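To start, the structure under review is shown below, and the notes come after it.
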Amino acid sequence: MIIQRKLSKMAIFCYFIVDPETKNCAVVDPAFDTDKIISEINKNKWQLTHVINTHSHADHSAGNWAIISKTKAKLLIHEADVESLYFFMNKIFTLVLGGKKSPSPDQVLKHGDIIQIGNTPVKIIHTPGHSPGGICLYTKGNLITGDTLFVGNIGRTDLRGGSHHQLVSSIHKELYTLPPETIVWPGHDYGITSSSTIEKEMKTNPMT
């Protein structure tokens, strides 16, 4: 089960991946509003087991410390973005956004890894281009795309480690080969709607 929450800054979408059988859950990109995130977890009696960053940029990772310091959740990020969590400008941006330096990851991810959230498997799809370690998360016909693919747009590629050619290639090779009915859950609210499908993006996204 995917639950989308829009955070209070930068039109960020944060996600809960909840296994309905065990009530274990993961939170994806908890950049801000961490007290609200933890409150929702407690209210629903979910057990937070994982914090997953789709990439290292501060607007997706600034809340790592606040969440993990209050829970026993493990931090996961792709191996190619571990170092950039601690780049000088990323640390400064994290502080500006009200966060603290991220804890070290408990698990570094690779393409094709499967994370178990209770009984719910989540597949890691490496989609570099926005950042070297950008990932998407696929589970049960749902795809959390971070800053790889938006509704009608794609992530910017003018930041450190970005590549427009690589990003478009990642989308076509790794995402547009998924079942067309797959729901796309983007990392920012930049579209007319807050979600889409692979089929719709293939037909209408002018950036891909």
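The values are calculated or read from the model by the stated rules, or taken from the named source; none is laboratory data. Please read all numbers here as calculations on a predicted model, not as lab measurements. For neighbour counting, all protein chains shown are included, and Cβ atoms are generated from backbone atoms with ideal geometry for every residue, glycine included.
Per-residue answers, yes or no, for (1) farther than 18 Å from residue 186 by Cβ; (2) more than 16 Å from the chain's Cα centre (by Cα):
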{"position": "69", "(1), (2)": "yes, yes"}
{"position": "96", "(1), (2)": "yes, yes"}
{"position": "103", "(1), (2)": "yes, yes"}
{"position": "111", "(1), (2)": "yes, no"}
{"position": "118", "(1), (2)": "yes, yes"}
{"position": "124", "(1), (2)": "no, no"}
{"position": "151", "(1), (2)": "no, no"}
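Can you spot a residue in the range 167-183 that is under 16 Å from residue 54 (Cα atoms), in contact (Cβ under 8 Å) with a residue 12 or more places away in the chain and not aliphatic (A, V, I, L, M)? Checked the range 167-183: at least one residue is under 16 Å from residue 54 (Cα atoms), in contact (Cβ under 8 Å) with a residue 12 or more places away in the chain and not aliphatic (A, V, I, L, M). No other residue among 110, 101 is touching a helix residue (DSSP H, G or I) at 6+ places or on another chain (Cβ under 7 Å), at pLDDT 95 or above and surrounded by fewer than 20 Cβ atoms within 10 Å (Cβ to Cβ) apart from 110. What about residue 90, is it of a type outside the set (A, V, I, L, M, F, W, C) and out of contact with any strand residue (DSSP E or B) (no Cβ under 9 Å at 6 or more places or on another chain)? In short, yes.
Being among the aromatic types (Phe, Trp, Tyr), in contact with a strand residue (DSSP E or B) (Cβ under 6 Å, 6 or more places away or on another chain) and surrounded by 15 or more Cβ atoms within 10 Å (Cβ to Cβ) is a description that does not apply to residue 32.
Just one of the numbered conditions (1) modelled with pLDDT of 95 or more; (2) under 21 Å from residue 85 (Cα atoms) is not true of residue 141: (2).
Among residues of the range 20-35 that are at negative phi and among the β-branched types (Val, Ile, Thr), those with a beta-carbon under 8 Å from a residue that is crowded, with 20+ Cβ neighbours inside 10 Å and in a loop (DSSP other than H, G, I, E, B) at least six positions away or on a different chain give the pairs 27/73; 28/53; 28/54; 34/63.
Screening residue 195 on (1) small (Gly, Ala, Ser); (2) at negative phi; (3) at pLDDT below 95; (4) surrounded by fewer than 22 Cβ atoms within 10 Å (Cβ to Cβ) shows it passes everything except condition (3).
Scan the range 188-201 residue by residue and report those that are in a loop (DSSP other than H, G, I, E, B), among the polar types (S, T, N, Q) and over 16 Å from the mean Cα position of the chain (by Cα). Hit for the range 188-201 is 193, nothing else. Here the strands (runs of 3 or more DSSP E) wholly within the range 1-119 that include at least 2 residues being closer than 29 Å to residue 193 by Cα and of a type in the set (Lys, Arg) are 2-6.
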